Amino acid sequence: MNKFNIVLCGLGGQGILFMTKVLAQAALRKGWDVLGAETHGMAQRGGSVVSHLRLGRVQNSLVETGTAHVLFALEEDEGYRNLPFVAPGGRLFVNTSSTAFPREEIRGYLTEKKIVCRAVPAVSIATAMGAALSSNLALLGYFSAAGDGPFDHADLRATIAEVSPDRFREANLRVFDAGFEKAMEDKGD
């Protein structure tokens with residue numbers, strides 16, 4: 001694969017920009033060219049935040065509709081709002097504990113486009129680790145077990161250790177590992 005498109009979305013304060021930094025740095029460590037763009041809206045007040053990350057030899061930083069290999073959504077409604085970015089056969093990782101995910105009205109679309117959805121209780125995972133504000137890392141940890149991208153668990157873990165501020169490093173790694181463990185547990189079901 002010579003190009004890989006990622007869209008990350010959520011609300012201000014959920015850590016979209018930190019996730020983007022981790023993914024971009026992991027890609028750089030693996031020798032990928034990286035371009036990114038961020039839309040902040042009213043981020044400081046809990047408004048929408050969307051980040052585009054393009055890996056490989058690309059000409060611009062924005063992911064076009066229908067071309068994202070992976071969409072990360074730290075808030076379920078933001079995931080639905082940004083769903084048009086996902087390519088046929090793409091992956092959707094959503095922070096939700098809802099047993100009704102995905103909503104009935106979009107299931108046909110997901111099936112038609114062969115989009116694989118993963119509901120991840122990232123807030124619950126992070127809270128159980130004593131770091132409720134780190135649901136972004138629980139979602140990344142879950143993704144790292146899926147094999148759905150150019151990085152594996154070790155790549156992302158090493159990058160989190162590198163870019164995390166000293167005072168948060170151990171907590172960040174614990175939450176990331178707990179997300180990974182949850183994904184491995186779900187694979188066994």
Look through the stretch 10-48, keep the residues that are among the β-branched types (V, I, T) and outside any helix (DSSP H, G or I), and return whichever of them is modelled with the highest pLDDT. V34
For the stretch 166-181, pairs from a residue that is within 11 Å of L137 (Cα to Cα) to a residue that is surrounded by 22 or more Cβ atoms within 10 Å (Cβ to Cβ) and among the hydroxyl-bearing types (S, T, Y), with Cβ under 7 Å and 6 or more apart or across chains, are A171/S134; N172/S134; V175/S134; G179/Y142; F180/Y142; F180/S144
Could you please give the count of residues in the stretch 92-148 that are more than 18 Å from E185 (Cβ to Cβ), among the polar types (S, T, N, Q) and not in a loop (DSSP other than H, G, I, E, B)? 3
(1) over 17 Å from the mean Cα position of the chain (by Cα); (2) within 26 Å of F180 (Cα to Cα); (3) surrounded by 14 or more Cβ atoms within 10 Å (Cβ to Cβ): which one isn't true of G46, the others all being true? (2)
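Yes or no, residue by residue, for (1) touching a Lys or Arg at 6+ places or on another chain (Cβ under 8 Å); (2) more than 25 Å from P84 (Cβ to Cβ):
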| site | (1), (2) |
| --- | --- |
| F101 | no, no |
| R107 | no, no |
| L137 | no, yes |
| P150 | yes, no |
| D155 | yes, yes |
Within the stretch 1-9, identify whether any single residue is exposed (fewer than 13 other Cβ atoms within 10 Å of the Cβ), touching a residue at least 60 places away in the same chain (Cβ under 8 Å) and either of a type outside the set (A, V, I, L, M, F, W, C) or outside any strand (DSSP E or B) (or both), and answer yes or no. yes
Yes or no: L137 more than 19 Å from F101 (Cβ to Cβ) and either modelled with pLDDT under 95 or surrounded by fewer than 19 Cβ atoms within 10 Å (Cβ to Cβ) (or both)? no
Considering the stretch 87-102 alone, what residues qualify as being at pLDDT 95 or above, farther than 26 Å from R174 by Cβ and out of contact with any helix residue (DSSP H, G or I) (no Cβ under 7 Å at 6 or more places or on another chain)? A87, G89, G90
If you check L71 against the conditions, is it out of contact with any Lys or Arg (no Cβ under 8 Å at 6 or more places or on another chain), more than 17 Å from L133 (Cβ to Cβ), touching a residue at least 12 places away in the same chain (Cβ under 8 Å) and buried (at least 23 other Cβ atoms within 10 Å of the Cβ)? no
Given the conditions (1) in a helix (DSSP H, G or I); (2) closer than 25 Å to G13 by Cα; (3) out of contact with any Leu (no Cβ under 8 Å at 6 or more places or on another chain), and given that L83 satisfies all but one, which numbered condition is not satisfied? (3)
Pull up the stretch 150-166, narrow it to residues that are closer than 13 Å to A24 by Cβ and not hydrophobic (A, V, I, L, M, F, W, C), then point me to the one that is surrounded by the fewest Cβ atoms within 10 Å (Cβ to Cβ). E162
Looking at (1) more than 25 Å from T67 (Cα to Cα); (2) at pLDDT 95 or above; (3) of a type outside the set (A, V, I, L, M, F, W, C); (4) out of contact with any strand residue (DSSP E or B) (no Cβ under 8 Å at 6 or more places or on another chain), which is the one condition that is false for K182? (4)
Taking the criterion of being of a type in the set (D, E, K, R), more than 18 Å from the chain's Cα centre (by Cα), surrounded by 13 or more Cβ atoms within 10 Å (Cβ to Cβ) and more than 17 Å from L8 (Cβ to Cβ), would at least one residue in the stretch 101-120 satisfy it? yes
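The values are calculated or read from the model by the stated rules, or taken from the named source; none is laboratory data. Because the structure is a prediction, the values reported are computed rather than measured. Positions of Cβ are backbone-derived with ideal geometry, glycine not excepted, and every protein chain shown enters the neighbour counts.
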